[in-house]
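What follows is one structure encoded as structure tokens, with my remarks underneath.
The values are calculated or read from the model by the stated rules, or taken from the named source; none is laboratory data. These figures come from a predicted structure and were not determined experimentally. For neighbour counting, all protein chains shown are included, and Cβ atoms are generated from backbone atoms with ideal geometry for every residue, glycine included.
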């Protein structure tokens, strides 16, 4: 089922996600719905907060992106991205590696807003997958950026929080308009929708 993607200004986007300790039928359904929603929106990542659930759960798939390469290492060896996508990361823990690199980012919760964001170029990831199994890998390029972006969401951090002051100033009018539209839309709705 395709879920509505919450936009900037919705309070759930600022909530730190609760740990997921068991892979229950509702969690499996949420994972399936998030994957369908992400694909429908032509995204490469989607966090549970973006569909109204404050949980430590995100889905990622960068296989469709050809102009921004990614690398993946599993057990210290290069791995084929296609064999590991889509990624379902539950309770992810990241160890950033290397120098920060600025590169363009967007976000499904910020339609038509793009900015250069500096993030470490590589990251070690430890998480649980949708089967409840431990996953560990190292990634770089676009995949590392997506993992960091989505893990930020799980902690209530938005990509605008990573923008330089000048970039945020340049986007001020668009951000204020999006925030105001979301808040206006929320009036009269129950707080968890």
Exactly one condition in (1) modelled with pLDDT of 95 or more; (2) not in a loop (DSSP other than H, G, I, E, B) is not met by residue 82; state its number.
(1)
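On the basis of being surrounded by 16 or more Cβ atoms within 10 Å (Cβ to Cβ) and either closer than 28 Å to residue 4 by Cα or touching a residue at least 40 places away in the same chain (Cβ under 8 Å) (or both), does residue 97 make the cut?
Spelling it out, it is not the case that residue 97 is surrounded by 16 or more Cβ atoms within 10 Å (Cβ to Cβ) and either closer than 28 Å to residue 4 by Cα or touching a residue at least 40 places away in the same chain (Cβ under 8 Å) (or both).
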Qualifying residue in region 20-43 (condition: part of a strand (DSSP E or B), touching a strand residue (DSSP E or B) at 6+ places or on another chain (Cβ under 9 Å) and at negative phi)
no
Here are some conditions: (1) surrounded by 15 or more Cβ atoms within 10 Å (Cβ to Cβ); (2) touching a helix residue (DSSP H, G or I) at 6+ places or on another chain (Cβ under 8 Å); (3) farther than 23 Å from residue 160 by Cα. Residue 35 meets all but one. Which one does it not meet?
(2)
Restricting attention to region 125-145, which residues are farther than 25 Å from residue 106 by Cβ and free of Cβ contacts under 8 Å to residues at least 60 places away in the same chain?
126, 129, 133, 134, 135
Please work out if residue 104 is in contact (Cβ under 8 Å) with a residue 12 or more places away in the chain, out of contact with any helix residue (DSSP H, G or I) (no Cβ under 6 Å at 6 or more places or on another chain) and surrounded by fewer than 13 Cβ atoms within 10 Å (Cβ to Cβ).
yes
Report yes if residue 90 is part of a strand (DSSP E or B) and out of contact with any helix residue (DSSP H, G or I) (no Cβ under 6 Å at 6 or more places or on another chain), otherwise no.
yes
One residue is enough: does region 60-79 have a residue meeting the conditions part of a strand (DSSP E or B), within 23 Å of residue 182 (Cβ to Cβ) and in contact with a helix residue (DSSP H, G or I) (Cβ under 6 Å, 6 or more places away or on another chain)?
no
Is one or more of the residues making up region 132-141 in contact with a strand residue (DSSP E or B) (Cβ under 8 Å, 6 or more places away or on another chain) and under 16 Å from residue 114 (Cα atoms)?
no
For region 118-142, name all the residues that are outside any strand (DSSP E or B) and either farther than 17 Å from residue 44 by Cβ or in contact with a helix residue (DSSP H, G or I) (Cβ under 7 Å, 6 or more places away or on another chain) (or both).
129, 130, 131, 132, 133
Return the total of residues in region 15-32 being more than 14 Å from the chain's Cα centre (by Cα) and under 25 Å from residue 160 (Cβ atoms).
1
Restricting region 1-14 to residues that are crowded, with 18+ Cβ neighbours inside 10 Å and over 13 Å from the mean Cα position of the chain (by Cα), which is nearest to residue 91 (Cα to Cα)?
12
